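In what follows, a structure is listed as structure tokens, so that the remarks can point back to it.
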């Protein structure tokens with residue numbers, strides 16, 4: 001299925017935004033393959049589906065799409081010769097499973113916990129936005145967190161809610177990331193939603209965290225990202 005991101009294109013070009021995501025691919029059991037493009041790449045999206053709908057995430061398909069975006073985007077002001085291609089696994093916690101209990105010291109966080117936060121997540125801002133934050137406290141400091149990407153109130157019952165996880169380098173390999181993911185998973189399930197977790201294919205450690213917390217890979221996604229500044233990398 002091809003979808004057109006008109007609002008995204010208008011926002012980026014009207015505001016001279018540094019980042020542009022002209023194409024996104026996503027494949028899940030319930031929706032199948034969805035190719036989202038900005039209006040000026042509608043023809044490219046249609047051609048991609050006609051050629052690669054049976055193998056959209058193959059190296060051949062992603063390389064073809066990357067080259068097509070580079071050619072089409074000449075003159076947009078972005079570094080179109082150096083793309084970032086973010087190819088991700090999509091994990092979900094299945095509805096018939098029971099979340100594991102977190103480790104001692106793991107708990108749901110409040111805005112006031114920002115004062116003991118050692119991670120790069122802004123807990124106070126996240127909580128004020130209505131997002132759920134679950135943290136692992138060690139030595140009086142929050143050393144690992146799992147945070148939802150949106151407020152549960154923004155989702156319909158049975159909808160998915162994506163989670164991000166971070167552990168400070170000094171506290172890794174202690175099971176804290178899995179603990180936080182398990183703790184937040186339980187909170188999401190209790191609210192009638194489906195927890196979702198994504199990580200790049202190159203991030204093997206992150207995939208292990210998801211599986212250890214009881215998640216199964218159900219799909220994949222890929223975003224093509226252009227910037228006006230900064231050093232970009234292409235990974236397919």
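Throughout, read-outs are computed from the coordinates displayed, never taken from laboratory work. Model, not experiment: these values are computed from the prediction. Backbone-built Cβ (ideal geometry, glycine too); neighbour counts: all protein chains shown.
Between helix 176-190 and the chain, what is the angle of the helix's C-alpha long axis to the longest principal axis, kept within 0 to 90° and rounded to the nearest 10? That helix lies at roughly 90 degrees to the long axis. Per the Cα gyration tensor, the range 24-93 maps to an equivalent ellipsoid with semi-axes of 22, 14, 12 Å, ordered largest to smallest.
Just want the ordering: 115, 141, from fewest to most Cβ atoms lying within 10 Å of their own Cβ.
Numbers: 115 9, 141 14.
Placing the least packed residue first, the sequence is 115, 141.
Each DSSP beta bridge with both residues in the range 109-234 is either parallel or antiparallel, and the antiparallel ones are about 70%.
Kirkwood hydrodynamic radius (Cα pairs, Å) of the range 106-214? If you can, show how the numbers build up before the last one.
Details: mean 1/r = 0.0723 Å⁻¹.
Its Kirkwood hydrodynamic radius stands at 13.8 Å.
By definition, a body whose alpha carbon gyration tensor gives a ≥ b ≥ c is prolate when a/c is 1.5 or more and a/b is larger than b/c, and the chain fits this prolate description.
On C-alpha positions alone, give me the angle between the axis of helix 42-52 and the longest principal axis of the chain, in degrees, nearest 10. Between helix and principal axis, roughly 80 degrees.
The simple Förster model, with R0 at 25 Å and r as the Cβ-Cβ distance, assigns residue 211 and residue 43 a FRET efficiency of 0.05.
Subtracting the Cα-Cα distance of residue 225 and residue 200 from their residue separation scaled by 0.36 nm leaves 7.6 nm.
Please arrange 133, 88 by how many other C-beta atoms lie within 10 Å of their C-beta, fewest to most.
Numbers: 133 27, 88 20.
If I rank by nearby Cβ atoms, fewest first, I get 88, 133.
In terms of the mean number of neighbouring beta-carbon atoms within 10 Å, the peptides 207-215, 116-124 order highest first as 207-215, 116-124. Mean residue ellipticity at 222 nm, helices only, the chain: -8000 deg cm²/dmol; runs of at least 4 DSSP H residues each add -39,500 (n - 2.57), and the sum is divided by the number of residues. Taking Cα atoms only, the orientation of helix 59-72 departs from the longest principal axis of the chain by about 60 degrees.
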